[in-house]
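The structure appears below as structure tokens.
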Amino acid sequence: MQKMSAMNRKLIQNLAETLCKQVKHFDKRETECLIRLFSGLLGEQAERRAAHGLDRVRFRNILHNTFGMTDDMMMDSVFRAFDKDNDTYISVKEWVEGLSVFLRGALDEKIKFCFDVYNLHGDGYISREEMLQMLKDSLIRQPTEEDPDEGIKDIVEIALKKMDHDHDGKVSYSDFEKTVKDENLLLEAFGNCLPDAKVEITSNYFCM
Amino acid sequence: MGETFSRAIQWSSDADQLENSPLNNDILTEILLFTEDFDDRYPKEARILFREPLQWKTSLEAADFTSDIYDTRGEAAVSLECDDNRSPLLQLSPPDITVHSFYHLSNLLQLSKDKTMKEIRACLEGDTLIVHAFIAILLLLVNELYFCSVCVFLPREGRLSPEAVNTEVDLLKRFCGTGENRALKSVSYTSDYVFSNGCRSPPWRQMDGEICSLIIETCDTEPTLFITCSTSGVFFDERINGEGGVNYYMRKSELYKDIITLLKNMSPHFAVAANEQGFFYNVLLCMDSSHFYPEKILWESTSPSVCLKDIKLWASLNINMSNRCICVCMHSKSPGGAGDFSESSSEDEEDEEQPERRAEIPTDLPSEYWQIQKLVKYLKGANQTATVIVLCALRDFNLVQETCQLAIRDVGGLEVLINLLDTDDIRCKIGSLKILKEISCNSQIRQTIADLGGLQTMVSILDSPDKELKGLAAETIANVAKFRRARRTVRQHGGIKRLVELLDCVPNGVSMSAEQERDVEVARCGALALWSCSKSTRNKESIRRAGGIPLLARLLKSSQKNMLIPVVGTLQECASEKSYRIAIQTEGMIEDLVKNLSCDNQELQMHCASAIFKCAEDKHTRDLVRQYEGLKPLVMLLNEAENKQLLAATTGAIWKCSISLENVAKFQEYKALEILVGLLKDQPEEVLVNVVGALAECAQISENLATIRKSGGIQPLVNLLTGTNQALLGNVTRAVGACATDPENMVIIDRLDGVRLLWSLLKNPNPEVQANAAWAICPCIENTKDAGEMVRSFVGGLELIVNLLKSQNKAVLASVCAAIAKIAKDVENLAVITDHGVVPMLANLTNTGDDKLRRYLAEAIACCCKWGSNCVSFGEAGAVAPLVHYLRSKDPSVHQATARALFELSKDPNNCITMHENGVVKLLLIMIGSTDEILQEAAASCVANIRRLALANDKAKYG
């Protein structure tokens, strides 16, 4: 066991050396910590799957336990945003790259990240339907009204009006980018997909 | 609220101690805050004496009474202020303390600092009744309602009593009158006879429970109302004139529970007065009657009776057990008016709370209204994500437009926005504050935010680690705290200290990190909020105590104008306090203020000039302004004559700086006088006051007198003598007086009839104007040809000036004596003023200790001796002995005038004897040794006269 971890240490150091050059915001030591954390999480997984990387369930656990996310759909979307090659597993590289934006990203990077999260269908646009899906639980339904979803639909229209600068009925990346740069509050316009301020402050601890 | 309070106060089982429960402590805090502030808010009322003093066992000691309104003797302390019987209004003989007015109560609480809570508790325990009194007043004041009258009735057992009816009738009578705004014309009983049981109705009617009958004339119902009060209620009846002159009544209306209720139903006019103006306001206070003692009146009004409009705030509180009711009459100030209650002189009228002007909702509401209503509805049921979207959508409305601002309020949006400030979600808070910050530029919104407790929440947000959030909260506070009550709320919830903490940053780092820049932005927001808050005197003090001055001094080094404006704005506001003026000088802020006089922003320039204006009363500050080369930029700013506020501040600074002669020399060099003279026309009064003040100071140097004349200044100055502004007249009289010392100027003044104008200002009620006018008259008489003739031509003028010798004001007396000395040089006029009794009046003043008055009084006496038997009369009026003592004065100018007076008086032998008896010779011998030749000569001549009398006496005796 000891022998193996010694071997691992060497491996991890090499990997960290390579990765920290490709990824912003983390130095070598921090990268090393993240890799070690990653392999720790992998260890809890069944051997067969570990070969591919973190699966969706493990990843969602982290999002829930460490970052306090609760919305199922958002967590799945964040998973997809991390999983760049769409193989339903998060590789060590995807892990480090994803976290660098997630924890330390500059505004531009975060805009890109959030857009990827909200772009449920992956077609490069956030459509009315996607918004409706993401906001469906954001308002108390008024059962007395004819259409209880009317409020939600209205809010979707409000959001669309605010963001759709080129009036094509959907929000493109450049629409989204412009909106958020005008009003930072709209970065997480369709749901909580970034750690909140308190976690950000403790992110150093997370990387130790 | 009153109900909650009185019920909530928890007494311990033995009923004379307040339990130490959190609830009691909260109530005590409320009472404490109210009492501490009472003196500030209702200065006049605070001075009214309690019918009976408050007494309790205090923990304070004589050593705590440090303020100069007290006198401490050993262990005891008393206030210097006394009542008519000369007993002090506060008396401490440990452990007992007696207090007679709110003024002293509130000062006492301020003295006790950390012991305040203990004191107020002890005070309340000393007298259980006072608890209810406080609660009743608190109920009225804390709510800040515009009450006119409030009756707080104790529960009655469903039946009226004669006493209750009496009280109600007495109350109603106070609101009858002849004015347009009266609620009723008259109220009277049908019978003056009162039976022993208190009823007025005839015995056979008493059988039916009747108490009395009333005739009430309302303003709008015809005919007169006839009302009968019975134990079961009040009804009004139709009078049927029966046979035999006996009046029969038929019950006509339903029963009302009291007269006021009946009147509200019968007279629309009365109902309007009652409801809209808050004329009558009935509150049932369910109090436990065991807490009341019979017949005790805490506080009684001495104000004239009530008229509905323009009434000053006034409270009287009667607690009367036998009538089983508490009657609190609050005569509130008329809405929106009355600057009497401002905490600070600088409070603008626009800052005053506006009365609610919630117009009826017009039929054609703009579409924004409905959109905003919908968004606010969503806000109420949205989660964080949707909330942020909706808040951003709200921000897209034109929030500077009043329709949008009021729409948000009218659909209940302010409640929601303020509630959001209490959530955990930082984005919701930021979004909400961004809206509140915009709409709080509206005064009605400000008031509603304060009413809803928004300030308290915003103050607590100032502790947040998020800098954007802190900054927004401070900026919003800056907008809301534009009226007195809001400023007080900020202070009372610890906002001042927190805001001062925001100022802590390095304003001018060489290469600032993003974080440091954010700190600077937060500091700027903090300064904005402090600027708003600093309009209250107490807040100025709190800022200082929280250590704000050095932080402001550091921010003053900033190069950003948007930082400097609130910082200098705060400083100039606070410079009304001496502690700040000293600090501005010692912390080196004058240099920065001077530097910014030359910036390119007029608002900043104005605040800098205004700060210098307020600080330059101090000589060292004036010197510093010169040393840092601030005088030239000030003169340059005089060219910005279009911006009147800037001009007023600049001329003010120039005025105060010109008190130092070195500065006047600089102003001459910069040709400031010529520009100032040009500003004597077509300027607002606040500019004129300063311009004329500056000219008056500059005219102390004689070469400037010609400059003022040559640039055409005399005529506009003389013209200003006809004005009414007291501050302006005070300065104009000084300036004209200074100009009159130049004979060429005097020719112009005389031609413009300036002396007559000056003379008529002796009738001005303001002592400063009177004194300055009298001073100005002196050089006029001296420099006018045929001055005697001119003075005689003023009908009643001599009598007027002699009568001013009855003034209580020392400055007026000194100036009038000086003028009389000049007048008396004309023998004919001397004869006239002698007839007007100048001699005994002057003699009356001789016991003064004021050196300035002594000097001019002696001069006047010297000059007045030269007519008829005046010399003898002065001796008979007892003027001689006090004059001798003037020679012991430390002021050499007193000596000369006195010696001259004594020399004149020594021409009468009896006066010589009096002088000799008072030891004059020894004193005069010292004066003879003076270097002042006039003094030498007068003293020597006086001694010679005394000596001659002695020789003559010897000769007569010994032949």
Distance in nm between label sites at B:Ala76 and B:Lys866, each 7 Å beyond Cα in the beta-carbon direction? 5.7 nm
Quick check: the angle from helix A:197-206's long axis to the longest principal axis of chain A, C-alpha only, nearest 10 degrees? 10 degrees
How large is Rg/Rh for the stretch B:815-922, to two decimals, with Cα atoms and a Kirkwood Rh? 0.93
Between the helical axis of A:72-82 and the dominant principal axis of chain A, each derived from Cα atoms, what acute angle in degrees is found, rounded to the nearest 10? 50 degrees
For the stretch B:377-417, what is the Kirkwood hydrodynamic radius in Å, using each pair of distinct C-alpha atoms? 10.6 Å
For the stretch B:681-799, take the alpha-carbon Rg, divide it by the Kirkwood Rh, and send me Rg/Rh. 0.94
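Per the Cauchy relation, a quarter of the hull surface: what is the mean projected area of the convex hull of the alpha carbons in the stretch B:486-591, in nm²?
Working: hull surface 24.8 nm².
For the stretch B:486-591, the mean projected area of the Cα convex hull comes to 6.2 nm².
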Assuming 0.36 nm per residue, please report the length gained on full extension of the stretch B:Asn265 to B:Asn562 beyond their Cα-Cα distance. 101.0 nm
Once the Cα gyration tensor of chain A is found, what semi-axes does its equivalent ellipsoid get, as square roots of 5 times the eigenvalues, in whole Å, sorted largest first? 36, 18, 15
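Given a 1.4 angstrom probe, I'd like the percentage of the accessible area of the stretch B:537-601 that is carbon and sulfur, rounded to a whole number. Intermediate results must be reported in sequence, preceding the final value.
Details: 1130 of 2450 Å².
Reported share for carbon and sulfur atoms: 46 percent.
What does the charge add up to near B:Leu757, with Lys and Arg as +1, Asp and Glu as -1, over the other residues with Cβ less than 15 Å from its Cβ?
Numbers: positive: B:Arg734, B:Arg751, B:Arg756, B:Lys763; negative: B:Asp750, B:Asp753.
Every neighbour counted, the sum reads +2.
Measure up B:Lys540/B:Lys632; A:Lys24/B:Lys434; A:Lys153/B:Lys429 against 26 Å on the Cα-Cα distance and list the ones that go over. Can you show the working numbers first?
Details: B:Lys540/B:Lys632 31 Å; A:Lys24/B:Lys434 33 Å; A:Lys153/B:Lys429 24 Å.
Table pairs above 26 Å Cα-Cα are B:Lys540/B:Lys632; A:Lys24/B:Lys434.
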Degrees, to the nearest 10: A:28-43 long Cα axis against longest axis of chain A: 90 degrees
Per 5 Å bin, what percent of the C-alpha pairs of the stretch B:595-711 does each bin hold, from zero upward? 2, 13, 26, 26, 20, 9, 2, 0
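At a Förster distance of 25 Å, what's the computed FRET efficiency of B:Asn719 paired with B:Leu800, Cβ-Cβ distance as r, to 0.05? Don't skip to the answer; put the middle values down first.
Details: r = 23 Å, r/R0 = 0.91.
It comes out at approximately 0.65.
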What would the Debye formula give as log10 I(q)/I(0) at q = 0.15, 0.20, 0.23 Å⁻¹ for the alpha-carbon point model of the stretch A:114-194, no solvent? -0.51, -0.87, -1.10
Going out from 0 in 5 Å bins, what whole percent of all Cα-Cα distances in the stretch B:645-711 drops into each bin? 4, 20, 34, 26, 13, 4, 0
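Based on alpha-carbon positions alone, could you give the equivalent ellipsoid semi-axes of the stretch B:887-958 from the gyration tensor, as √(5λ), descending, whole Å? Kindly include the intermediate steps, with their values, before the conclusion.
On the way: eigenvalues 105, 25, 20 Å².
The three semi-axes for the stretch B:887-958 are 23, 11, 10 Å.
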Which residues, if any, in the stretch B:384-403 lose at least 50 square angstrom of accessible heavy-atom surface (probe 1.4 Å) when the other protein chains sit next to their chain rather than the chain being alone? B:Thr385, B:Ile389, B:Cys392
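Can you tell me the length gained on complete extension of the stretch B:Asp835 to B:Tyr670, counting 0.36 nm per residue apart and subtracting the Cα distance? Walk me through the numbers on the way to the answer.
Details: separation 165, 0.36 × 165 = 59.40 nm, distance 5.24 nm.
Contour length minus Cα-Cα distance gives 54.2 nm.
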If I take R0 = 25 Å and measure r between the Cβ atoms of B:Glu217 and B:Phe195 in this structure, what FRET efficiency does the formula 1/(1 + (r/R0)^6) give, to the nearest 0.05? 0.45
Percent of Cα-Cα pairs more than 18 Å apart in the stretch B:881-924, please. 16 percent
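Please give me, ordered by residue number, the GluC sites (Glu not before Pro) of the stretch B:463-530 that lie in loop per DSSP and have at most 16 other Cβ atoms within 10 Å. If you can, show how the numbers build up before the last one.
On the way: sites: B:Glu468, B:Glu475, B:Glu501, B:Glu515, B:Glu517, B:Glu521; in loops: none.
Here no GluC sites (Glu not before Pro) fit, given the DSSP loop and packing criteria.
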State the volume of the convex hull built on the alpha-carbon positions of the stretch B:590-658, expressed per residue in Å³ and rounded to an integer. 64 Å³
So for the stretch B:769-847, using the alpha carbon gyration tensor with a ≥ b ≥ c as root eigenvalues (a/c under 1.5 gives rounded; past that, a/b versus b/c decides prolate or oblate), I'd call it oblate
Here the net charge surrounding B:Thr784, from other residues whose Cβ is less than 15 Å away from its Cβ (Lys, Arg +1; Asp, Glu -1), is -2
Expressed as a whole number, the average count of other chain Cβ atoms within 10 Å around the Cβ atoms of B:372-378 is 2
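How much length, in nm to one decimal, is gained on full extension between B:Asp451 and B:Arg395, taken as 0.36 nm per residue of separation minus their Cα-Cα distance? Before the final figure, lay out the partial values.
Working: separation 56, 0.36 × 56 = 20.16 nm, distance 2.29 nm.
Contour length minus Cα-Cα distance gives 17.9 nm.
How long are the semi-axes of the ellipsoid equivalent to the stretch B:428-533, from square roots of 5 times the Cα gyration tensor eigenvalues, in whole Å, largest first? Intermediate results must be reported in sequence, preceding the final value.
Values: eigenvalues 113, 38, 26 Å².
Each semi-axis is the square root of five times an eigenvalue, giving 24, 14, 11 Å.
The values are calculated or read from the model by the stated rules, or taken from the named source; none is laboratory data. Since the structure is predicted, the reported quantities are computational estimates derived from the model, not experimental observations. Note that each Cβ is placed from the backbone with ideal geometry, even for glycine, and that neighbours are counted across all protein chains shown. The protein model used for the area step is the full one, side chains on, heavy atoms only, and it has no ligands, DNA or RNA in it. Shrake-Rupley method; radii C 1.70, N 1.55, O 1.52, S 1.80 Å.
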